[in-house]
Amino acid sequence: MIDCISMAGIFHVKHVRDGVVLAEHVLRNTITNIGKTDMLNEYLGAGGIAGGQWYIGIIDNAGFSSTNVADTLATHAGWIELFNYSGNRPAWPAGTAVNKIIDSTGDAVFAFSAAGSVKGFLVASVANGTGGILWSTVTLATPTAVAVGDKYVVSSYRVTVT
């Protein structure tokens, strides 16, 4: 399932004359393309809340039941993170958003130091630990077994605002 970001502002407006409400309006506005592009740059890009640096992690197939939109880095009952690779979560090298899209500028590489089974991936605001923001999760249709010496190369992670 692909989860799309949809965002709108809602104005509640009253027309008042001499203390009397003449009309009330509830108006849903349109967010401009440049506004959406700026939002991507300010959240995920170089000026973002994570200092412009986000990280990719791996969801373990062991004990996996589901991901949930309520998951956080600290609390995610349906899955655990797989750490059978060298080092911390690799950085997601985000580019600059253009036309409501922000994309990778390079690879995030996992070099496996132990066997395991990959169920999916996550994007987090910290290189390790559970104290940051869990931005997103995705799962593979079929888990993949990995062996010592295998690599997973995330060559692109793209976020589009519609």
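Coordinate-derived values only; no laboratory data. Keep in mind it's a predicted model, so treat the numbers as computed, not measured. Counting neighbours? That spans all protein chains shown, and the Cβs are built from the backbone with ideal geometry, glycine included.
With an 8 Å cut-off on Cα pairs and a minimum separation of 6 or more residues, tell me the relative contact order of the chain in percent. It rounds to 23 percent for the chain. Taking a point 7 Å from the Cα of residue 30 along the Cα-to-Cβ direction, the residues of the range 86-110 with backbone N closer than 16 Å to it are 100. Using the charge dipole of the range 33-160 (Lys, Arg: +1 at Cβ; Asp, Glu: -1 at Cβ; taken about the Cα centre), state which of 75, 55, 104 has its Cα farthest towards the positive end. Highest projection toward the positive end goes to 104. Taking Cα centre as origin and charging only the Cβ of basic (Lys, Arg, +1) and acidic (Asp, Glu, -1) residues, the dipole magnitude of the chain rounds to 240 debye. Extension gain for the segment residue 62 to residue 12, taken as residue separation times 0.36 nm less the Cα-Cα distance, is 13.1 nm to one decimal. When every Cα-Cα distance of the chain is counted in 5 angstrom steps from zero, the calculated P(r) takes the values 2, 8, 15, 17, 17, 13, 8, 6, 4, 3, 3, 2, 1, 1, 0, 0 percent. The gain in end-to-end length when the residue 42 to residue 80 segment is fully stretched comes to 10.8 nm, 0.36 nm per residue minus the alpha carbon separation.
Ignoring lysines fewer than eight residues from residue 100 along the same chain, the ones with Cα atoms less than 23 angstrom from its Cα are 36.
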